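Take a look at the structure set out below.
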Amino acid sequence: MSKQYDYVIIGAGFAGMCMAIKLKQAGFHNFVILERNKQLGGTWYDNHYPGAACDVQSHLYSFSFEPNANWSRMFGPQQEILQYMEHCATKYELRQHFQFNTTVTSATFNDTTNTWTVTDAQGNNYTAKAVIGCSGGLSQPAMPDIKGMDTFEGKTFHSAQWDNSYDLKGKRIAIIGTGASAIQIVPAIAEEVKDLLLFQRTPPWIMPKPDRKMRSWEMKLFKALPFTQSLFRGYLYWVHEAMAAGFVTNPAILRLAQGISKRHLKKAVKDEALRAKLTPTYTMGCKRILLSNNYYPALTRSNVQVLNNGIAEINTIGVKTIDGTQHDVDAIIYATGFHAADGVMAFDIKGKNGLDIHQAWQQGAEAYLGTTVAGFPNLFLIVGPNTGLGHSSMILMIEAQVQYIMEGIKAMRTNKWKTVEVKPEVQQQYNETIHRELAKTVWQSGGCVSWYQNKNGKNVTLYPGYTFTFMRRTKRFEADKYHTVA
Ligand code: NAP
């Protein structure tokens, strides 16, 4: 089967939906959104593990143009975020554009026709003037490489592929990993399971989570006087931006926050030996700062053990640690994160003259404004290289990128350009600038290994600055930075 569109959007998460909404609002209706899952949501569909919730306040982690006065909590749970996304899909009439159960395997640029052909796993083709990649920075689960992993005879799954049909009740469960996913899962299942064995390699920094139920008068106020919700969003925005200073310009600020985190730990964990195990050794911020009020208390339960001796192997019946102790378990849950820096694209992309994106990105992924890539005309990426944040809502970055792409698409329509392709020297200069800025950040100097960096230690995931500087950079599509073909 072969179908023709003006635009193909790959991914039906926040990025793909935002792109679709803005295309429609500008009068572009001939597009399709290809999505591998059976419904919309992206990461918020995939990550349905117990306890899944946002770690940025929902009034900020939502579209600026679609405020929701009904968030039940400060930090909305996963189901509520999905409901919000469903609401947006209906309100902005996106339903007819989704094509679910469609896993994209490749996107190839045709130099003769100046069009892209996107191919799915069934071999269907979709041709388009432009492709907008919205497949997410954290969409490919990463499994560790542990000796004997495949021999385990019990149940296993990754946190992002949670098996709801598996009953945890009365079971002895191993969780590997102590990142953002694990710290939400542990308190959510600790009570239900017989035993929980948490295999920790690096203890994370954890801050109190300023979460609470929204009060009914607050919801009523936001509904009756929408500007009050805008004010609240503005307040949250600036509180988060203030944190960026710690990451980017002055890690000393973060060292101050370490005191708060240590007090948080001390208050919850009275046992000194356990507290020592849970105390981080790198500078806060080097890895993502985690927020939780119930993780540390869960670790003090009598049926929970924190094991930090290192895993020697996994065998048919459980996990053996380096000290030689065998830990028999019924199931192993891998909360081991995602391929972010080293496996940036989930599908093959071939640009001009057959240029392979993996080839172009041999030294590490790079793009101009995380959005356009030299050698790949009419390809736009959302949440592309160096657009991630350590301090605020990714939806701010998504909206900024969509604004930029829309300016580009409108310029193409006005000027009747067939293609736009960022000049290599523009991309290079931009990347030199941001990598100079990145060198000063805590992500480079904080003494940790994180998913922010690729195997060469290059940070290809995070944006080194305030979101308002990125918004300023993406406000206009500057044609002089592009080769255009009319
Ligand atoms: P992660 O932060 O990358 O954590 C993975 C964990 O697995 C780390 O503790 C890591 O240890 C451990 N690990 C990996 N390989 C291992 C191995 N071979 N042996 C032992 N331990 C191993 O992954 P994540 O928790 O899924 O979170 C990823 C990102 O997703 C977050 O940073 C965040 O951006 C996003 N997220 C957001 C939310 C939210 O609330 N909005 C929730 C979940 C995730 P090391 O630290 O030693 O490498």
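The values are calculated or read from the model by the stated rules, or taken from the named source; none is laboratory data. This structure is a prediction, so every number in the text was calculated from the model and none was measured. Glycine gets a Cβ as well: all are built from the backbone with ideal geometry, and neighbour counts include every protein chain shown. Ligands, DNA and RNA are stripped out before the accessible areas are found, and what is left, the full protein with its side chains, is counted by its heavy atoms. Shrake-Rupley method; radii C 1.70, N 1.55, O 1.52, S 1.80 Å.
Applying the criterion of being closer than 18 Å to E407 by Cα and of a type in the set (G, A, S) to the residues of segment 362-373, the residue that is farthest from the chain's Cα centre (by Cα) is A367. For Y235, state whether it is over 17 Å from V306 (Cα atoms) and surrounded by 17 or more Cβ atoms within 10 Å (Cβ to Cβ). No.
Exactly one residue among G234, G259 is within 22 Å of T467 (Cβ to Cβ) and part of a helix (DSSP H, G or I), and that residue is G234.
Of all residues in segment 445-463, those that are open to solvent by 20 Å² or more (accessible area, probe 1.4 Å) and assigned to a strand (DSSP E or B) total 1.
When restricted to residues that are away from the ligand (no atom under 16 Å from the Cβ) and surrounded by fewer than 19 Cβ atoms within 10 Å (Cβ to Cβ), segment 29-57 contains 5. Just a yes or no: is a residue in segment 427-434 open to solvent by 30 Å² or more (accessible area, probe 1.4 Å) and either touching a Leu at 6+ places or on another chain (Cβ under 9 Å) or assigned to a loop (DSSP other than H, G, I, E, B) (or both)? Within segment 427-434 (the criterion being open to solvent by 30 Å² or more (accessible area, probe 1.4 Å) and either touching a Leu at 6+ places or on another chain (Cβ under 9 Å) or assigned to a loop (DSSP other than H, G, I, E, B) (or both)), the answer is no, since none of the residues qualifies.
All conditions but one from (1) crowded, with 19+ Cβ neighbours inside 10 Å; (2) of a type outside the set (S, T, Y); (3) farther than 24 Å from I9 by Cβ apply to A486; the one that does not is (1). So, in segment 138-160, how many residues would count as being more than 10 Å from the ligand (Cβ to nearest atom) and surrounded by 13 or more Cβ atoms within 10 Å (Cβ to Cβ)? Selection size over segment 138-160: 8. Can you tell me which residue within segment 318-329, out of those that are touching a Leu at 6+ places or on another chain (Cβ under 9 Å) and of a type outside the set (S, T, N, Q), is nearest to the ligand (Cβ to nearest atom)? The selected residue is V319. With the requirement that a residue be closer than 13 Å to I183 by Cβ, outside any strand (DSSP E or B) and touching a strand residue (DSSP E or B) at 6+ places or on another chain (Cβ under 8 Å), what does segment 291-305 give you? Passing the criteria: S292, Y295, Y296, A298, L299. When P67 is tested against the conditions (1) within 30 Å of R413 (Cα to Cα); (2) open to solvent by 40 Å² or more (accessible area, probe 1.4 Å), the lone failure is (1). The conditions of being of a type outside the set (F, W, Y) and either outside the structural domain of L196 (by TED's automatic domain parsing) or within 19 Å of V104 (Cβ to Cβ) (or both) are not met by N294. Of everything listed in (1) open to solvent by 10 Å² or more (accessible area, probe 1.4 Å); (2) assigned to a loop (DSSP other than H, G, I, E, B), the single unmet condition for C286 is (1).
Of all residue pairs spaced 6 or more apart or on separate chains, those with beta-carbon atoms under 9 Å, a first member in segment 152-173 that is at positive phi and a second member that is basic (K, R) are G170/K194. Screening L60, L23 for residues that are within 16 Å of the ligand (Cβ to nearest atom) and more than 15 Å from the chain's Cα centre (by Cα) leaves exactly one candidate, L60. In this structure, N315 qualifies as within 16 Å of the ligand (Cβ to nearest atom), surrounded by 15 or more Cβ atoms within 10 Å (Cβ to Cβ) and of a type in the set (S, T, N, Q). In the condition set (1) within 20 Å of S393 (Cβ to Cβ); (2) open to solvent by 80 Å² or more (accessible area, probe 1.4 Å), K213 is compliant with all but (1).
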